[in-house]
Amino acid sequence: MSLIEALLLAVVEGLTEYLPISSTGHLVLTSALFGIHEVGVVKHYMIIVQFGAILAVVFEYFRWIKSHTSFFPTLMVGFIPAAVVGLAVKSYIDALLSHVLVVAIALILGGIVLLFTDRFFERQKDKSESHLGHVTMKQSFLVGVFQCLAFVPGVSRAGASIWGGAFAGMNKKVATEFSFLLAVPTLTAASGYKLMKAWPELSMDDLNLFLIGNVVSFIVGWITIRFFIQMVVKHGFKFFGYYRIVLGSIVVAVWAMGMISA
């Protein structure tokens, strides 16, 4: 993996981690475009580069986090399902990271769900939880269960947790912000575990690329977070749904023509 490839993957990570369009799916597709999606160090990089995006959430919500430390147990309850399921299926996750067709199908199905997400939020608007600090442990756990859907590349961790927030009775803004915060323990654990396991295989050049990539994903991720909240409140999720369906369909078509391998 070259420096240019690492930088582009980091930009993709920062742009897509907190949007409901699947950062992992986009990283798989981008690396497949470069022809490096089956390279071991690239699979490690796709997980570890998420740490920069995590720091973007901590930076953006630092004041809120500092003044709501009592919220930590509630947040950790939401992390439990991903921790348990992730350890159980980690070998299958690594195998799926090179399956472009799986990503494409997941993008399309997730896009269809997003087309109806705004309508679902509207129907429960009067009874939805309207403040992030009021999220209960039961709601957090339900969101955590939904988040596990994102172990399939292309589903989207942000999208799955936002859908969970909708079913748990949150409004669009609270569900979106909670998905941001839930990413902190989830992605910290995933990137930390991956770095620990991959460490013996990594060279100093690899580590330098990982460091640069995380700096880039932090900057781009922070900008994206600020943009996304405003867009969701104003326009909802349907545009992301259309985008997913179009992108997934293009990938399926390209695969059918034999231009990329599954």
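The values are calculated or read from the model by the stated rules, or taken from the named source; none is laboratory data. This structure is a prediction, so every number in the text was calculated from the model and none was measured. Here the Cβ positions follow ideal geometry from the backbone for every residue, glycine too, while neighbour counts run over all protein chains shown.
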If we only count helices (runs of 4 or more DSSP H) wholly inside the range 144-262, which ones have 2 or more residues that are touching a strand residue (DSSP E or B) at 6+ places or on another chain (Cβ under 7 Å)?
172-198
So VAL103, is it more than 17 Å from the chain's Cα centre (by Cα) and surrounded by 16 or more Cβ atoms within 10 Å (Cβ to Cβ):
no
Select from the range 39-67 the residues that are at pLDDT below 90 and outside any helix (DSSP H, G or I) and list them in ascending order.
VAL39
The lone exception for ILE36 - which of (1) over 21 Å from ALA175 (Cα atoms); (2) assigned to a helix (DSSP H, G or I) it fails:
(2)
Looking at LEU87, LEU75, LEU114, LEU101 in this structure, which one is farther than 17 Å from SER23 by Cβ, part of a helix (DSSP H, G or I) and either at pLDDT 90 or above or polar (S, T, N, Q) (or both)?
LEU75
Mind telling me which of the residues LYS238, LYS172, LYS197 ends up being surrounded by fewer than 18 Cβ atoms within 10 Å (Cβ to Cβ), touching a Ser or Thr at 6+ places or on another chain (Cβ under 9 Å) and of a type in the set (D, E, K, R)?
LYS238
Does MET1 count as at pLDDT 90 or above and surrounded by fewer than 20 Cβ atoms within 10 Å (Cβ to Cβ)?
no
Go through (1) at pLDDT 90 or above; (2) surrounded by fewer than 19 Cβ atoms within 10 Å (Cβ to Cβ) one by one and return the number of the condition THR16 breaks.
(2)
State all residues of the range 52-81 that are under 18 Å from PHE146 (Cα atoms), crowded, with 16+ Cβ neighbours inside 10 Å and either more than 17 Å from the chain's Cα centre (by Cα) or among the small types (Gly, Ala, Ser) (or both); if no residue qualifies, say none.
THR74, VAL77, GLY78
Can you go through GLU13, GLU5 and tell me which one is among the acidic types (Asp, Glu), under 15 Å from the mean Cα position of the chain (by Cα) and under 14 Å from GLY213 (Cα atoms)?
GLU13
Do you know which of the residues in the range 216-226 that are out of contact with any helix residue (DSSP H, G or I) (no Cβ under 6 Å at 6 or more places or on another chain) and of a type in the set (A, V, I, L, M, F, W, C) is surrounded by the fewest Cβ atoms within 10 Å (Cβ to Cβ)?
ILE223
Looking at the structure I just gave you, is VAL184 among the β-branched types (Val, Ile, Thr), surrounded by fewer than 24 Cβ atoms within 10 Å (Cβ to Cβ), under 26 Å from TYR243 (Cβ atoms) and modelled with pLDDT of 90 or more?
yes
Being free of Cβ contacts under 8 Å to residues at least 24 places away in the same chain, in contact with a His (Cβ under 9 Å, 6 or more places away or on another chain) and closer than 22 Å to ILE162 by Cα is the requirement here; does LEU27 meet it?
yes
Going through the range 132-157 in order, the residues found to be hydrophobic (A, V, I, L, M, F, W, C) and in contact with a Pro (Cβ under 8 Å, 6 or more places away or on another chain) are MET137, PHE141, VAL145, CYS148
Residue in the range 202-209 that is touching a His at 6+ places or on another chain (Cβ under 9 Å), more than 28 Å from VAL145 (Cβ to Cβ) and either at pLDDT below 90 or surrounded by fewer than 23 Cβ atoms within 10 Å (Cβ to Cβ) (or both) present
yes
